[in-house]
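Contents: one structure, followed by commentary.
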Amino acid sequence: MTEPLFLEAVLQEKIWGGTKLKDVFGYAIPSDKVGECWAISAHPNGPSVVKNGPLKGLTLAEVWEQHREVFGNVAGDVFPLLTKILDAADDLSVQVHPDDAYGLAHEGELGKTECWYVIEADEGAEIIYGHHAKTKAEFETKNREGQCDHQMTRIKVNKC
């Protein structure tokens with residue numbers, strides 16, 4: 001195959017979503033609460049569909065399963081990438097992501113390793129990752145005392 005694959009993005013509505021995926025990136029969004037564009041996805045909850053060439057109409061998961069030569073015949077049971085563009089018009093919930101071993105054992109899918117690249121950010125935007133608690137007991141005590149927000153690790157972000 002000599003031409004690139006173009007994929008149909010999967011748009012996910014979220015309570016914290018907005019309209020920047022339309023306003024900034026030109027996507028035809030279904031509502032004013034679209035929080036995620038799954039641009040490259042073979043995930044069962046939103047697989048991208050090939051828009052061109054001889055593989056047109058196949059999902060990325062089907063291409064991974066049936067045409068491994070497109071990926072250089074690399075080994076692996078699951079397509080290892082999910083690329084998203086997020087529009088966080090409001091705060092996201094605190095999330096806990098498992099590693100691959102826990103994810104496979106308890107959720108039936110790989111864990112979640114993330115890398116963020118900020119392409120646009122409002123003034124004062126930040127990412128919260130991790131916490132300052134030294135023990136599980138300290139974390140639980142601070143939460144019961146209403147101090148959950150104060151123990152989170154925050155970094156300011158700017159567009160790259």
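Run the accessible area of segment 1-104 with a 1.4 Å probe and give the carbon-and-sulfur part as a rounded percent. The C+S portion of the solvent-accessible surface of segment 1-104 is 53 percent.
In terms of accessible area, using a 1.4 Å probe and ignoring ligands and nucleic acids, CYS148, CYS160, CYS115 rank largest first as CYS115, CYS160, CYS148. To the nearest 10, the accessible area of HIS131 is 90 Å² with a 1.4 Å probe. For the chain, the solvent-accessible area with a 1.4 angstrom probe is 70 square angstrom per residue. Going through (1) 1.20; (2) 1.25; (3) 1.05, the figure that equals Cα Rg over 2.2 N^0.38 Å as computed for the structure here is (2).
Rolled with a 1.4 Å probe across the full set of protein chains, the surface gives TRP116 an accessible area near 140 Å².
Of all lysines in the structure, the ones whose alpha carbon falls short of 26 Å from that of LYS159, not counting any fewer than 8 places away in one chain, are LYS14, LYS20, LYS22, LYS33, LYS84, LYS112.
Between GLU8 and GLU69, with labels modelled 7 Å along Cα→Cβ, what's the label distance in nm to one decimal, could you check? That separation, rounded to one decimal, is 2.6 nm. Considering only VAL49, VAL94, VAL63, the Gaussian network model of the chain with Cα springs below 10 Å gives its largest mean-square fluctuation to VAL94.
How much mean residue ellipticity at 222 nm does the chain get from its helices, if each DSSP H run of length 4 or more adds -39500 (n - 2.57) and you divide by all residues, to the nearest 500 deg cm²/dmol?
Helix contribution divided over all residues of the chain: -4000 deg cm²/dmol.
Annotation note: trypsin sites (Lys or Arg not before Pro) in segment 74-160 located in DSSP loop regions with a Cβ neighbour count of at most 13 within 10 Å are LYS134, LYS159.
If a/c stays under 1.5 just call it rounded; otherwise compare a/b with b/c (prolate if a/b is bigger, oblate if not). Do that for segment 92-160, with a ≥ b ≥ c from the square roots of the Cα gyration tensor eigenvalues.
The shape class here is oblate.
The values are calculated or read from the model by the stated rules, or taken from the named source; none is laboratory data. This is a predicted model, so every value here is computed, not measured. Counting neighbours? That spans all protein chains shown, and the Cβs are built from the backbone with ideal geometry, glycine included. When the accessible area is computed, the model is the full protein with side chains, heavy atoms only, and any ligands, DNA or RNA have been set aside. Shrake-Rupley method; radii C 1.70, N 1.55, O 1.52, S 1.80 Å.
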